[in-house]
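Quick notes on the structure that follows.
The values are calculated or read from the model by the stated rules, or taken from the named source; none is laboratory data. The structure presented is a predicted model; accordingly, all values stated were derived computationally and were not measured. Note: ideal-geometry Cβ built from the backbone for every residue, glycine included; neighbour counts use all protein chains shown.
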Ligand SMILES: *Cc1c(COP(=O)(O)O)cnc(C)c1O
């Protein structure tokens, strides 16, 4: 089942890329394993997945521990991170997708051993329930990180609004890309900002059409599998 789902998604990635003349190699599929157990995540890895993500610190640590025999898998933390949990997780991950405050960045700088790839989470849709910094605050925020030598801003991340129309979702993704281009043009050495982390099971095709380089897909991979 999982192998079939993965094949189907890989085909959809190729189709979306073809539609807008992009090279599928530009798009990295991150498997979001938060709704399944480690055995199910292992099936994915055996089917070829090389990037896994969790949105909670404790669950990521558990899965990583259970799957130690796959040292090549990269682990992404995609959810909100509390400052007090930074020291537990920060040297266990390859990438953090939800940087949204200077205080959090300072704690990461203090606790991390090596330089860490981070995405700044932007609340493009403006929903109050969402994490992330506002588009207006983005440039000053990125500038404020310049002295934090271990934080490497590789790109921007966003979540599309729930129950929105295709046009609304597309507009959010397009805006994130414009913001990415804006930061990239500044040529900050601490913020190359070349990547876009956007698109989930419901909307990854739209996200690819709008320029996503990392898509975060959960439920679509696990259709017809037992969920936890
Ligand atoms: C759960 C989650 C996803 C994956 O969502 P699906 O709809 O299951 O594909 C992607 N990004 C974040 C931040 C998530 O929390």
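See the values below:
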quantity: Evaluation of residue 167 against (1) at negative phi; (2) touching a helix residue (DSSP H, G or I) at 6+ places or on another chain (Cβ under 9 Å) (one fails), failing number; calculated: (2)
quantity: Residue within segment 135-145 that is without any contact (Cβ under 8 Å) to a residue 60 or more places away in the chain, touching a helix residue (DSSP H, G or I) at 6+ places or on another chain (Cβ under 7 Å), part of a loop (DSSP other than H, G, I, E, B) and closer than 20 Å to residue 91 by Cα present; calculated: yes
quantity: Residue match in segment 54-70 (condition: within 22 Å of residue 97 (Cα to Cα), touching a residue at least 60 places away in the same chain (Cβ under 8 Å) and buried (at least 18 other Cβ atoms within 10 Å of the Cβ)); calculated: no
quantity: Residues of segment 151-174 classified as under 12 Å from residue 198 (Cα atoms) and buried (at least 17 other Cβ atoms within 10 Å of the Cβ), total; calculated: 11
quantity: Flag for residue 209 being more than 23 Å from residue 53 (Cβ to Cβ) and either within 16 Å of the ligand (Cβ to nearest atom) or modelled with pLDDT of 95 or more (or both); calculated: no
quantity: In segment 160-204, the residues that are touching a strand residue (DSSP E or B) at 6+ places or on another chain (Cβ under 8 Å), more than 16 Å from the ligand (Cβ to nearest atom) and in a loop (DSSP other than H, G, I, E, B); calculated: 188, 190, 191, 192, 193, 194
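Table: residues versus (1) modelled with pLDDT under 95; (2) within 16 Å of the ligand (Cβ to nearest atom); (3) within 14 Å of the chain's Cα centre (by Cα).
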residue: 68; (1), (2), (3): no, no, no
residue: 78; (1), (2), (3): no, yes, yes
residue: 81; (1), (2), (3): no, yes, yes
residue: 112; (1), (2), (3): no, no, no
residue: 125; (1), (2), (3): yes, yes, no
residue: 133; (1), (2), (3): no, yes, no
